[in-house]
Amino acid sequence: VQKLASSFRDPSGFVYTRDDALLRQVNHRYASNFDIFQKQLYEILVERKLIVSHEQVDLSLAFSEDAYAVIKPQTIPFISYPYEWSFAQLKDAALTTLRIQKIALKRGLTLKDASAYNIQFLNGEPIFIDTLSFEPFAGQQWTAYRQFCQHFLAPLSLAVSRDISLLSLLRVYIDGIPLPLTSRMLPWLSRLNLGMQMHIHTHARFETRHAASSIEQLKTKSIKRDTLLNIVSNLENIIRSLNWSTEKTAWHNYYDGDSYTEAGFQHKKAIFETYLDIARPNSLWDLGANTGVFSQLAGQRNISTVAWDYDYGAVQQHYENIKASNHEHCSVLPLVQDLSNPSPAVGWSNHERDSFIERAQGVDMVSALALIHHVVIANNVPIDHFVRFLTSLGKYAIVEFVPKTDHKVQTLLKSRQDIFDDYNRATFEEILRRYFTIERIDEIQESSRVLYLLRSKPENTSPSN
Amino acid sequence: MLFINTFVEISHHSIFVPLAYLDPGTGSLILQMLIGIVLGGMVIFRNSFGNLLYMLGIRKNKTEDSADKDSDISDIEEVNTDEGQ
């Protein structure tokens, strides 16, 4: 029995694992809230796929004596973090949070937190996972208003008015981007926008000015439900109006480039599918997935897939494609990741949010198509380190080797000295054999690139350095 | 600030104990009251302006005065709360 390291802030309850099952204990202090939530809100939210469903299990499975109830929530195959989402994913998560708050208010409850970490992606759609986030509405102001602005409005507006890469600030500020900082970073003109003025600029000023004021006098002042609904609708309209287009980045039309002939590209797909059918993984991490052409081949086989890419535009495009396909092959989750500096373990004690590598536990297969030259040549990582990194991510691997003669590699070498003497197929295969059994080698038609299907040697169980 | 204090004085009284574990920030709570007034004023203005246009025959539909234009949640039955209304 083990408590989840991320589940400690809210005394209402917590999440733990018992015999590999994920359970949530509801503490006695939350008892009446939990009953009201179950009675007035739970089913409506589940019907609309806005919250994970759960079943109540026997109290004997509780973690501690303080348990009022124990629930077993629906499983989320992969836990992602807001700093790994594309703009569109963060925006959808924000709208989901507001929609839940609107419904909750109608049903006589209110969200007591609005953390972006309470949203996960399930079957391509955002879903709320914190069952204990509700309290009865009795005229109190929205406690989570500031948190909502920090977690959603601040990063989204910075991305639109300044730069998309500012979404990565969510990695630094685990409780959302501070509003005074956001206010200073936004363009001056945003002060003329009523929404931005109220929710960011004035909000930041009020936060600083009343930092030491007591909450006592406010306890006796109530806010009407309709007023609060107005505020939530206003936030909804503002978030809806924030748009970031994928046109702005370089990678989303990478496939349109001239890396393969049409026949070569079809051949590469066929080989990839063959490899999937040989290894039959349940889960796959596709590194450098771009807009997910290959991840989707895994999705078609119902393989639980995470499609990582460095580029915000490519990830957003992939996410939008899944949405547009009406969530066909929605077992694929596109996420942003810079492999040269992957998500670290962050938060309290470095345990609150798991690192990229920690979350690879139990992944069956990793693929790295047309990735090696970006890691080895553009980023000076030795081939050996790259191959060892792959062993830490999955039992099977699919890797594409892109030789120096390839024009993409030539482009990378144009502006720098070629210090990569061992960057050749023979050395690459020799290094592969240190860590993997090579199951298949296939040369892609009308191309100098080569695909490998690899099986990790049993001794490679320790994580890479 | 005088404006806010006045508003706070005249608003409804309902004693409750927040169960929240987050620090909401006093400034954020005060701001909500203020934004509530601003948005409420805008809704009233928009509706009366819309009704004026309707009466003058410029607009065909009478405006709705509800904050809840969301068709997806309009079917959800409201539950009464003790917010002191």
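Evaluated against (1) modelled with pLDDT under 95; (2) buried (at least 16 other Cβ atoms within 10 Å of the Cβ), A:Leu179 falls short on exactly one condition, (1). Among the numbered conditions (1) free of Cβ contacts under 8 Å to residues at least 40 places away in the same chain; (2) farther than 22 Å from A:Ala289 by Cβ; (3) not β-branched (Val, Ile, Thr), the only one that A:Ala378 does not meet is (2). Taking the condition free of Cβ contacts under 8 Å to residues at least 24 places away in the same chain and away from chain B (no Cβ under 14 Å), does A:Gln2 pass? Against the criterion (free of Cβ contacts under 8 Å to residues at least 24 places away in the same chain and away from chain B (no Cβ under 14 Å)), A:Gln2 qualifies.
Being crowded, with 23+ Cβ neighbours inside 10 Å, closer than 30 Å to A:Val15 by Cα and modelled with pLDDT under 95 is not true of A:Gln147. Entry remark, the range A:348-383: residues being surrounded by 18 or more Cβ atoms within 10 Å (Cβ to Cβ), closer than 27 Å to A:Glu430 by Cα and not aliphatic (A, V, I, L, M) number 3 in total.
In the set (1) out of contact with any helix residue (DSSP H, G or I) (no Cβ under 9 Å at 6 or more places or on another chain); (2) under 22 Å from A:Lys268 (Cα atoms), A:Pro403 fails one condition alone, (1).
If I filter the range A:439-456 for residues that are in a helix (DSSP H, G or I) and either under 21 Å from A:Glu358 (Cα atoms) or modelled with pLDDT under 95 (or both), do I get at least one hit? No, every residue in the range A:439-456 fails to be in a helix (DSSP H, G or I) and either under 21 Å from A:Glu358 (Cα atoms) or modelled with pLDDT under 95 (or both). Evaluating A:Asp35 against the criteria (1) outside any helix (DSSP H, G or I); (2) of a type outside the set (S, T, N, Q); (3) more than 23 Å from A:Pro126 (Cα to Cα) leaves one unmet condition, (1).
All conditions in (1) closer than 26 Å to A:Leu23 by Cβ; (2) buried (at least 18 other Cβ atoms within 10 Å of the Cβ); (3) in contact (Cβ under 8 Å) with a residue 40 or more places away in the chain hold for A:Gly108, with the sole exception of (1).
Filtered by the rule that a residue be buried (at least 20 other Cβ atoms within 10 Å of the Cβ), at pLDDT below 90 and more than 7 Å from chain B (Cβ to nearest Cβ), the range A:190-228 gives no residues. Screening the range A:113-144 for residues that are polar (S, T, N, Q) and more than 14 Å from every other protein chain (Cβ to nearest Cβ) and picking the one that is surrounded by the most Cβ atoms within 10 Å (Cβ to Cβ) gives A:Thr131. For the range A:343-381, a residue qualifies if it is β-branched (Val, Ile, Thr), under 17 Å from A:Ala307 (Cα atoms) and in a loop (DSSP other than H, G, I, E, B), and the qualifying residues are A:Ile357, A:Val363.
For the range A:229-277, a residue qualifies if it is at pLDDT below 95 and in contact with a strand residue (DSSP E or B) (Cβ under 9 Å, 6 or more places away or on another chain), and exactly one does: A:Trp251.
Considering the conditions (1) away from chain B (no Cβ under 14 Å); (2) in a helix (DSSP H, G or I), A:Ile79 is excluded by exactly one of them, (2). In the range A:38-60, the residue that is farthest from the other protein chains (Cβ to nearest Cβ) out of those that are more than 21 Å from A:Asn123 (Cα to Cα), surrounded by 15 or more Cβ atoms within 10 Å (Cβ to Cβ) and aliphatic (A, V, I, L, M) is A:Val57. Does the range B:23-45 include one or more residues that are on the phi > 0 side of the Ramachandran plot, modelled with pLDDT of 85 or more, at the interface with chain A (Cβ under 7 Å from one of its Cβ atoms) and in a loop (DSSP other than H, G, I, E, B)? Looking for residues that are on the phi > 0 side of the Ramachandran plot, modelled with pLDDT of 85 or more, at the interface with chain A (Cβ under 7 Å from one of its Cβ atoms) and in a loop (DSSP other than H, G, I, E, B), one finds at least one in the range B:23-45, hence yes.
Among the residues of the range A:94-123, those identified as farther than 19 Å from A:Val172 by Cβ and of a type in the set (Gly, Ala, Ser) are A:Ala94, A:Ala104, A:Gly108, A:Ala114. Just give me the residues in the range A:108-144 being acidic (Asp, Glu) and outside any strand (DSSP E or B), in sequence order. Residues satisfying the conditions are A:Asp113, A:Asp130.
The values are calculated or read from the model by the stated rules, or taken from the named source; none is laboratory data. None of these values were measured; they are calculated from a predicted model. Counting neighbours? That spans all protein chains shown, and the Cβs are built from the backbone with ideal geometry, glycine included.
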